[in-house]
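Single-structure report; data block below.
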Amino acid sequence: MAKLDSKVPKGPIAEKWTNYKAHQNLVNPANKRKVDVIVVGTGLVGGAAAASLGELGFNVKVFCIQDSPRRAHSIAAQGGINAAKNYPNDGDSVYRLFYDTVKGGDYRAREANVYRLAEVSNNIIDQCVAQGVPFAREYGGLLDNRSFGGALVSRTFYARGQTGQQLLLGAYSALSKEIKKGSVELFTRREVLDIVKIDGKARGIIVRNLVTGELERHGAHAVLLGTGGYGNVFFLSTNAMTSNGGAAWRAYKRGAYFANPSFVQIHPTCIPVHGAYQSKLTLMSESLRNDGRIWVPKKKEDAQKIQKGELKPTEIAEEDRDYYLERRYPAFGNLVPRDVASRAAKERCDAGHGVGNTGLAVYLDFEDAIKRLGRNVIEARYGNLFQMYEKIVDENPYGTPMMIYPAIHYTMGGTWVDYELQSTIPGLFVGGEANFSDHGANRLGASALMQGLSDGYFVLPYTMQNYLADQITVPHFKTDGTEFEQTEKEVQARIDKLFAVKGDETVDSFHRRLGHIMWDNVGMARNKEGLEKAIKEIQELRKEFWQRVKVPGEKTGMNVELEKALRVADFLEQGELMALDALTRNESSGGHFRLEYQTEEGEALRDDKNFTHVSAWEYMGDDEPAKLHKEPLVYENIEVKQRNYKTA
Amino acid sequence: MDLKLKIWRQQGPGTKGKFVEYPVKNISADASFLEMMDILNEELVAKGEEPVAFDHDCREGICGMCSLYINGNPHGPDSAITTCQLHMRKFKDGETVVIEPWRAKPFPVIKDLMVDRSAFDDIIQAGGYVSINTGGVPDANDIPIKKENADLAMDAASCIGCGACVAACKNASAMLFVSAKVSQFALLPQGKIEAKRRVESMVAVMDDIGFGNCTNTYACEAVCPKEISVTNIARMNREFFVAKVS
Ligand SMILES: Cc1cc2nc3c(=O)[nH]c(=O)nc-3n(C[C@H](O)[C@H](O)[C@H](O)COP(=O)(O)OP(=O)(O)OC[C@H]3O[C@@H](n4cnc5c(N)ncnc54)[C@H](O)[C@@H]3O)c2cc1C
Ligand code: FES
């Protein structure tokens with residue numbers, strides 16, 4: 001278990017990061033040019049890290065799947081980014097942001113990492129403003145804030161409903177500056193299919209050029225994965241179509257432990273599923289819960305009539321509406337954390353109070369807000385979200401309440417990393433949604449953007465440098481050695497094997513079937529029986545995939561079906577580990593809700609005695625079960641309590 | 001609904017393309033346009049044919065990846081949306097739908113409906129940024145910015161870089177795209193410092209790549225999914241003029 005050293009620096013929590021930086025190793029400017037770094041991903045973490053490492057003088061190569069770094073999935077984030085600026089003077093502080101994040105994560109995150117996140121959050125806002133990110137402002141010219149779930153203060157900075165876009169474009173602009181300068185080399189439409197290890201250290205990657213179909217080798221002194229989350233295991237999610245867990249999964253199979261794979265976030269406010277052909281789910285930002293009120297009909301008869309289209313929501317009298325979040329959680333009301341809000345929606349729908357033609361939806365109503373603030377104010381705050389909703393659903397949310405339902409949104413689990421964000425493979429760093437580090441069992445809204453930019457701008461440029469300091473005498477890597485050759489051969493064999501199947505079922509069809517197994521058994525409510533069933537079904541589905549999948553087209557040139565097949569093959573393995581992790585965690589915490597472990601009121605019931613740890617899984621071979629390692633979590637600065645959002 | 005699709009198929013960048021007809025049946029009016037394309041592709045794959053290649057990713061109108069030219073319109077018949085936000089309820093049963101890639105010299109076809117838009121990245125690399133490094137910046141509230149200017153900067157900054165403006169323009173002009181970036185920075189104190197250098201080098205690269213001139217037809221504004229205004233072009237022209245005389 002020596003491998004699971006979290007390397008948390010000694011000292012009081014508020015001084016750890018400062019101490020670390022004061023004592024870490026640095027690389028002198030002339031030597032930086034001798035060191036190569038590979039950054040995979042151009043989202044917030046990849047874009048920000050690649051730009052910052054380039055500025056420092058390292059030789060950076062950066063890779064992404066899309067045709068431009070500006071299109072990474074971070075672009076889709078809507079609501080905002082947290083920081084402990086306390087500009088509204090409402091009592092915020094670094095400690096409070098730290099506290100809220102640990103509590104929101106249901107006490108399953110590593111204290112020191114979260115504290116550092118809260119500590120650098122303020123630098124992020126400064127940096128972005130200096131880059132020309134047009135955050136929302138007040139008439140006085142200063143920055144505006146809004147509230148997000150799980151907090152009693154307003155600490156969320158935003159750029160209309162397009163915060164992720166603006167932050168990503170900021171990172172993209174910094175990256176473009178470095179590309180122009182020549183310190184960063186850009187490789188678009190490339191997908192990393194494996195990690196190359198030399199003498200146990202990460203020294204390169206095997207990449208498929210998505211346009212030519214060729215495999216390429218790239219070597220470096222260190223590799224950073226900023227490849228995002230694996231929510232698409234579920235087929236339907238709010239993630240982009242190419243979002244995938246492939247690179248992190250390949251790292252796992254090369255020896256990087258994978259932490260808390262079952263910790264998945266289900267977002268309460270998404271547009272409900274409308275048909276079998278559906279390809280993705282659309283998020284309606286959490287910021288809407290600032291002004292929208294969530295309700296279902298009190299009477300089942302009303303709900304049934306609505307489902308049949310015989311009654312309209314606007315026809316239901318005030319006293320016949322159940323504002324169930326306000327009723328159950330008076331202190332936080334509609335702004336309870338996501339896991340709590342999602343489960344409450346499911347509970348009401350399962351009890352027969354759901355609306356929409358499927359009965360799997362609840363209302364998010366702006367009538368009161370429009371009355372109180374006027375339509376103009378609501379339009380200024382959420383105009384683009386309302387428009388998005390109307391285009392998809394063909395209903396006008398200014399006149400009738402929105403319908404929403406929970407959907408897979410974010411993965412808290414990810415590659416296990418230490419305080420330096422280094423995995424158990426030396427030289428392999430992992431940041432952003434791809435690692436597990438900051439959000440425990442549930443992420444608070446507006447904290448993923450914070451983590452992405454914190455990791456990318458302010459953490460990795462330091463910690464990677466600490467690692468690289470003793471690498472300056474290692475010459476630039478040639479990629480014709482045996483390790484590169486062997487790894488490339490293995491990737492080629494995987495591709496050949498897929499073509500060789502010549503089956504009769506499409507990749508999407510397998511993906512959809514996996515998604516059903518996952519959603520039904522490894523989704524919002526899990527139990528032993530379902531998880532065991534899921535593991536068996538996934539194993540069978542995987543076997544079937546390798547006998548029946550159909551991948552048309554050629555190995556050379558562009559082949560979208562092959563790309564998807566490679567990703568789904570990985571999802572079919574990852575899904576099983578997620579179920580196994582959920583099965584071994586005999587408690588409920590955050591997004592992980594085991595039906596066997598709940599309070600009388602239906603709230604998540606943690607087992608702190610046995611489960612205050614990170615579950616880190618080690619790959620033992622395709623036919624061997626993964627091995628569980630535990631990183632104990634120690635809380636020295638926060639009292640571990642039952643989460644309570646009923647009273648303040 | 002049933003539709004007849006006429007889709008541009010092209011094996012690769014150098015090769016000749018042609019329209020191929022595909023019927024699709026039983027498409028729900030609530031399906032999105034790209035879901036309709038998925039259904040077609042699944043049918044093609046099931047028959048052992050190669051699916052139609054098209055770009056897409058977020059499927060919610062923000063990444064700027066999707067790029068179809070539908071019945072003569074970039075992003076199709078609906079207004080203020082991207083192709084991925086277009087829904088089949090905008091089409092009639094039995095209709096013929098013609099689907100082409102963006103057509104503009106600076107955006108060569110990669111395959112079928114996919115084009116190479118890296119020219120946009122080249123333009124941004126020429127100056128679409130504030131030349132500061134990470135760290136050492138002032139507090140975010142040190143420089144107040146007029147709300148009106150911040151809002152206008154945000155309007156301009158909402159460009160998703162999809163290239164519909166270029167595809168719509170008979171001159172394949174990139175003026176709306178470039179001016180949106182120039183305007184965002186021109187409106188903010190942080191961007192003012194490098195204004196002259198920025199506009200000159202971005203315009204120079206734009207011209208070099210072979211984007212055409214703007215002849216004020218405003219086709220770009222009409223098709224822009226983010227409704228970026230042509231007033232940005234006027235602002236950029238002013239910036240450019242000032243840069244030249246100063
Ligand atoms: C709809 C939506 C709204 C959201 N809203 C918010 C919000 O308001 N606030 C908030 O804090 N968070 C929000 N989130 C979460 C947040 O956006 C993400 O967690 C975060 O942006 C992830 O950033 P990242 O840099 O880790 O990864 P990503 O942005 O996902 O980037 C991944 C990058 O890796 C590349 N990549 C992946 N695999 C490979 C491979 N094998 N080879 C090469 N390249 C690869 C991709 O091309 C991409 O460039 C939202 C998420 C969604 C889906
Ligand atoms: S797919 Fe992202 S904008 Fe259409």
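Being crowded, with 24+ Cβ neighbours inside 10 Å and not in a strand (DSSP E or B) is the filter here, so list the residues in the stretch A:283-296 that pass it.
A:M284, A:S285, A:E286, A:S287, A:L288, A:R289, A:G292
Name the residue, out of B:G72, B:G64, that is in the same structural domain as B:R9 (by TED's automatic domain parsing) and under 14 Å from the mean Cα position of the chain (by Cα).
Only one candidate qualifies: B:G64.
If a residue must be within 23 Å of A:A51 (Cβ to Cβ), within 16 Å of ligand 2 (Cβ to nearest atom) and in contact (Cβ under 8 Å) with a residue 40 or more places away in the chain, how many such residues does the stretch A:153-200 contain?
Counting residues in the stretch A:153-200 that are within 23 Å of A:A51 (Cβ to Cβ), within 16 Å of ligand 2 (Cβ to nearest atom) and in contact (Cβ under 8 Å) with a residue 40 or more places away in the chain gives 8.
Only helices (runs of 4 or more DSSP H) wholly contained in the stretch A:448-567 count here; list those with 1 or more residues that are under 30 Å from A:G57 (Cβ atoms).
The helices (runs of 4 or more DSSP H) meeting that bar are A:448-453, A:460-468, A:482-501.
Checking the condition within 16 Å of ligand 2 (Cβ to nearest atom) and either surrounded by fewer than 19 Cβ atoms within 10 Å (Cβ to Cβ) or under 28 Å from A:V133 (Cα atoms) (or both), which residue from A:R71, A:R33, A:R96, A:R116 passes?
Matching residue, one of A:R71, A:R33, A:R96, A:R116: A:R71.
Residues in the stretch B:36-59 that are more than 8 Å from chain A (Cβ to nearest Cβ) and of a type in the set (D, E): how many?
The qualifying residues number 1.
Of the conditions (1) at the interface with another protein chain (Cβ under 10 Å from one of its Cβ atoms); (2) farther than 25 Å from A:N384 by Cα, B:V98 clears all except one; give me its number.
(1)
Take the conditions free of Cβ contacts under 8 Å to residues at least 24 places away in the same chain and over 30 Å from the mean Cα position of the chain (by Cα) and apply them to A:D322. Does it pass?
no
Looking at the stretch A:360-408, which of its residues are more than 14 Å from chain B (Cβ to nearest Cβ), surrounded by fewer than 19 Cβ atoms within 10 Å (Cβ to Cβ) and touching a helix residue (DSSP H, G or I) at 6+ places or on another chain (Cβ under 7 Å)?
Matches in the stretch A:360-408: A:L360, A:I370, A:N396, A:Y398, A:T400.
Only one of these conditions is not met by A:V45: (1) part of a helix (DSSP H, G or I); (2) away from chain B (no Cβ under 14 Å); (3) not acidic (D, E). Which number is it?
All conditions are met except number (2).
Exactly one condition in (1) in the same structural domain as A:V507 (by TED's automatic domain parsing); (2) under 26 Å from A:S423 (Cβ atoms); (3) touching an Asp or Glu at 6+ places or on another chain (Cβ under 7 Å) is false for A:A626; which is it?
Of (1) in the same structural domain as A:V507 (by TED's automatic domain parsing); (2) under 26 Å from A:S423 (Cβ atoms); (3) touching an Asp or Glu at 6+ places or on another chain (Cβ under 7 Å), only one is false for A:A626: (1).
Only one of B:K111, B:K90 is within 11 Å of chain A (Cβ to nearest Cβ), more than 14 Å from ligand 2 (Cβ to nearest atom), over 21 Å from A:S279 (Cα atoms) and at pLDDT 95 or above; which?
After ruling out the rest, the residue left standing is B:K111.
Any idea which residue in the stretch A:199-258 is nearest to the other protein chains (Cβ to nearest Cβ), counting only those that are near ligand 1 (Cβ under 10 Å from one of its atoms) and among the polar types (S, T, N, Q)?
For the stretch A:199-258, the residue satisfying everything is A:T242.
From (1) more than 9 Å from every other protein chain (Cβ to nearest Cβ); (2) out of contact with any helix residue (DSSP H, G or I) (no Cβ under 6 Å at 6 or more places or on another chain), pick out the condition that doesn't hold for B:K147.
Only one criterion is unmet by B:K147, namely (1).
Name the helices (runs of 4 or more DSSP H) wholly within the stretch B:168-246 that hold at least 1 residues that are away from chain A (no Cβ under 14 Å) and away from ligand 2 (no atom under 16 Å from the Cβ)?
The helices (runs of 4 or more DSSP H) meeting that bar are B:175-186, B:195-209, B:219-223, B:231-245.
The values are calculated or read from the model by the stated rules, or taken from the named source; none is laboratory data. Keep in mind the model is a prediction, meaning the values are calculated, not measured. Please note: Cβ atoms are built from the backbone with ideal geometry, for glycine as well, and neighbour counts cover all protein chains shown.
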